[in-house]
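Visitor: Just passing along the structure, written as structure tokens.
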Amino acid sequence: MKKYDVVVIGAGNGGLAAAVKILSAGKSCLVLEKHNIPGGFATSFVRGRFEFEASLHEFNGIGTVENPGSTRQLFDELGVSDKIEWIQLHDAYHLISLEEGYDFTMPFGVDEFARANDKLHPEGSKYIYHFFELCKQIRGAMNYLSESKGKPDPQVLMEKYPDYLRCGSYTTKEAFDALGYPQVIVDNLNAYWCYLGADGNNLSFLHYANMIYSYISGGAAIPKYRSHELSLAFETRIHELGGDIWFNSEVVKILTDENKHVCGVMLSDGTKIETRHVIANCSPHNVYSKLLDEDAVPERALKLTNSRKLAGRGFTIFLALNKSPEELGLKDHNYFVYDSSDNIKQYQSMKNLKGNVGQATVCLNNADPDCSPKGTTLLYMTTLFTDDVWKDVKEEEYYKVKNEIANGLIERFEMATKTHIKEYIEEIAIATPQTYARYCGHPQGVIYGYESTPRDGLLNRIQAVEEDRFVPGLRIGGGFGERLLGFPSSYKSGANEANRTLKDMAKEGE
């Protein structure tokens, strides 16, 4: 029975970051992963002569070496930056919305983005600059709240960040309604909504505005060798620091002592590992219902977990085409194809099994021309299902249904972009919510953790992070943590939970 200071369950993004943080503090750490490779969603797979990216569209918060974003700073701190080769993206997105007839590409950079909005409205740049000034005040207030460690001076908030206080409780719809911008400007600013998986009635304006400003002002990047490059960088760093990772090692039980404090974990083969601290990079639904004994889980933990709303269930088509992007007429990296720019209406359409054709589609070659053999294209299309509609699909109908949905998404993309791709498909793989549920163990195949709502958004979770800790010695990080799901958020959540675990250990004299 081996003993570690900390055991991390799951070698996904959050778990890997947590392990590096623990090891950097001089503590012993073991990462347990049920699959045979690290990364969770941050991985790639091969079909034929092509290597597909499994999930990452673009990575926020990287910036440049000279002007690093918050995620690059975290990677620098964790010692993995030198192990990753980044490719900077040139344009933010290509928005196509059929109802309004939108078809335009937006660049990165505050000034460039503002000028591009002048093409949508005569005073477009004026509204964009106003919006970004509000975003900067929001970011400043968030930094101040962080620095004040929960004890801000109300006078400072009122004098320096008055608009932060005014819009603090607003959803994105309420905020844009109050700002009174022209609809085309609002629709354009709302383009990224699908990256957070919640509509304007539920998404915190503070959270969304902060994300938009970070994307547009700092740009975005992707790792040269798919997101699995990130996972391998973290794995290498863990070994450099003397940590252990056991693959093919599924945790089936978190053990607790007579005081209900964590005392170890048990694997599926019966192996037990002694520890007083566990960081679980997995769904609280699974932690509380499967990994802990019933008498170790307080009733409040179950009530909170069951009250939270599961976010979007993923559906992705991975396509390898035997024509180049130039031959196909694909010029951009990131496409948003919507029926309507009304994100509330689009969100509602995603409650249906059929008729859901809103998609975020990436042409990887337009960021990295070397990602596939010359004269070919890698294209992947992702949509969400905002309700558990796949539970109604009968086993004998599964392949038929998923192929019909995939065919509809491909045809809608062809119509929206005026291209022909179906006849050039060399390889195709389709991931449904069942695929994601099987691979990562997420309930119902959700890919965005718990959905942001007015009572359970980013700021609410950050403020209640200690109240949401129910089992001594156990913390839950990653995509189901306080920062919501997403690559940068998961890494930061894992690192944050590691910091809190180190503080727990200091209090306990370990």
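The values are calculated or read from the model by the stated rules, or taken from the named source; none is laboratory data. Not measured: the values here are computed from a predicted model. Reconstructed Cβ throughout: ideal geometry from the backbone, glycine too, with neighbour counts over all protein chains shown.
Visitor: For I430, work out the one condition from (1) touching a helix residue (DSSP H, G or I) at 6+ places or on another chain (Cβ under 8 Å); (2) free of Cβ contacts under 8 Å to residues at least 60 places away in the same chain; (3) more than 26 Å from R500 (Cα to Cα) it doesn't fulfil.
Guide: Only one criterion in (1) touching a helix residue (DSSP H, G or I) at 6+ places or on another chain (Cβ under 8 Å); (2) free of Cβ contacts under 8 Å to residues at least 60 places away in the same chain; (3) more than 26 Å from R500 (Cα to Cα) is unmet by I430, namely (2).
Per-residue answers, yes or no, for (1) in contact with a strand residue (DSSP E or B) (Cβ under 7 Å, 6 or more places away or on another chain); (2) part of a strand (DSSP E or B):
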{"residue": "N201", "(1), (2)": "yes, no"}
{"residue": "A221", "(1), (2)": "yes, yes"}
{"residue": "Y225", "(1), (2)": "no, no"}
{"residue": "R237", "(1), (2)": "no, no"}
{"residue": "D269", "(1), (2)": "no, no"}
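Visitor: If I428 meets every condition in (1) more than 22 Å from the chain's Cα centre (by Cα); (2) in the same structural domain as I279 (by TED's automatic domain parsing) apart from one, which number is that one?
Guide: (2)
Visitor: Would you pick out the residues in the stretch 66-98 that are farther than 22 Å from P369 by Cα, among the acidic types (D, E) and either modelled with pLDDT of 95 or more or in the same structural domain as T43 (by TED's automatic domain parsing) (or both)?
Guide: Once the filter is applied, which keeps residues that are farther than 22 Å from P369 by Cα, among the acidic types (D, E) and either modelled with pLDDT of 95 or more or in the same structural domain as T43 (by TED's automatic domain parsing) (or both), the stretch 66-98 yields D76, E77, D82.
Conditions (1) without any contact (Cβ under 8 Å) to a residue 40 or more places away in the chain; (2) over 19 Å from Y213 (Cβ atoms); (3) assigned by TED's automatic domain parsing to the domain that holds Y208, marked per residue:
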site	(1), (2), (3)
H121	no, yes, yes
S125	yes, no, yes
F131	no, no, yes
K136	no, no, yes
R139	no, no, yes
M142	no, no, yes
S146	yes, no, yes
D153	yes, yes, yes
V156	yes, yes, yes
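Visitor: Please find, among E112, E66, E33, E100, the residue that is among the acidic types (D, E) and under 30 Å from V278 (Cα atoms). Lay out the reasoning, then the answer.
Guide: Working: E112 fails: under 30 Å from V278 (Cα atoms); E66 fails: under 30 Å from V278 (Cα atoms); E100 fails: under 30 Å from V278 (Cα atoms).
Going through E112, E66, E33, E100 in turn, just one is among the acidic types (D, E) and under 30 Å from V278 (Cα atoms): E33.
Visitor: Answer yes or no: is there a residue in the stretch 412-423 that is in contact (Cβ under 8 Å) with a residue 60 or more places away in the chain, assigned to a strand (DSSP E or B), under 23 Å from H333 (Cα atoms) and in the same structural domain as N352 (by TED's automatic domain parsing). Before you say what the answer is, go through the steps one by one.
Guide: Start the filter on the stretch 412-423 by keeping residues that are in contact (Cβ under 8 Å) with a residue 60 or more places away in the chain, which leaves 412-413, 416-421.
Okay, now just the ones that are also assigned to a strand (DSSP E or B), so none.
No, that holds for no residue.
Visitor: Could you please tell me which pairs satisfy a Cβ distance under 6 Å, a separation of 6+ or placement on different chains, a first residue in the stretch 172-184 that is farther than 19 Å from L120 by Cα, and a second residue that is polar (S, T, N, Q) and at pLDDT 95 or above?
Guide: Sorted first by the residue in the stretch 172-184, then by its partner, the pairs are K173/N201.
Visitor: Then there is this: In the stretch 456-476, what count of residues is obtained for those that are modelled with pLDDT of 90 or more and either surrounded by fewer than 16 Cβ atoms within 10 Å (Cβ to Cβ) or in a loop (DSSP other than H, G, I, E, B) (or both)?
Guide: Our first condition is that a residue be modelled with pLDDT of 90 or more; within the stretch 456-476, this holds for 456, 470-476.
If we keep only those that are either surrounded by fewer than 16 Cβ atoms within 10 Å (Cβ to Cβ) or in a loop (DSSP other than H, G, I, E, B) (or both) as well, we get 456, 470-473.
Residues in the stretch 456-476 being modelled with pLDDT of 90 or more and either surrounded by fewer than 16 Cβ atoms within 10 Å (Cβ to Cβ) or in a loop (DSSP other than H, G, I, E, B) (or both): 5 in total.
Visitor: Are any of the residues in the stretch 313-327 buried (at least 23 other Cβ atoms within 10 Å of the Cβ), farther than 25 Å from D91 by Cα and modelled with pLDDT of 95 or more?
Guide: Yes, there is a match, as at least one residue in the stretch 313-327 is buried (at least 23 other Cβ atoms within 10 Å of the Cβ), farther than 25 Å from D91 by Cα and modelled with pLDDT of 95 or more.
Visitor: Can you find even one residue in the stretch 437-444 that is in a helix (DSSP H, G or I) and of a type in the set (K, R)? Reasoning before the result, please.
Guide: In the first step, residues of the stretch 437-444 are kept if they are in a helix (DSSP H, G or I); the result is 437-440, 443-444.
Restricting the remaining residues to those that are of a type in the set (K, R) gives 438.
Among the residues of the stretch 437-444, at least one is in a helix (DSSP H, G or I) and of a type in the set (K, R), which makes the answer yes.
Visitor: Only one of these conditions is not met by A495: (1) assigned to a loop (DSSP other than H, G, I, E, B); (2) of a type in the set (A, V, I, L, M); (3) over 13 Å from the mean Cα position of the chain (by Cα). Which number is it?
Guide: Unmet for A495, out of (1) assigned to a loop (DSSP other than H, G, I, E, B); (2) of a type in the set (A, V, I, L, M); (3) over 13 Å from the mean Cα position of the chain (by Cα): (1).
Visitor: Now for a different question. What is the residue count in the stretch 273-322 for residues that are within 30 Å of T43 (Cα to Cα) and either in a loop (DSSP other than H, G, I, E, B) or not charged (D, E, K, R) (or both)?
Guide: So the count comes out to 33.
Visitor: Which of the residues that make up the stretch 111-125 are buried (at least 17 other Cβ atoms within 10 Å of the Cβ) and more than 18 Å from K331 (Cβ to Cβ)?
Guide: Narrowing the stretch 111-125 to residues buried (at least 17 other Cβ atoms within 10 Å of the Cβ): 113-114, 116-117, 120-121, 124-125.
Listed by number, the residues that qualify are F113, A114, N117, L120, H121, G124, S125.
Visitor: Ok, one more. When you check G63 against the structure, is it crowded, with 21+ Cβ neighbours inside 10 Å and assigned by TED's automatic domain parsing to the domain that holds N286, yes or no?
Guide: Values: crowded, with 21+ Cβ neighbours inside 10 Å: yes; assigned by TED's automatic domain parsing to the domain that holds N286: no.
No: the conditions fail for G63.
Visitor: Identify, please: which residue in the stretch 29-80 is free of Cβ contacts under 8 Å to residues at least 40 places away in the same chain and assigned to a strand (DSSP E or B) and is, among those, farthest from I222 (Cα to Cα)?
Guide: V46
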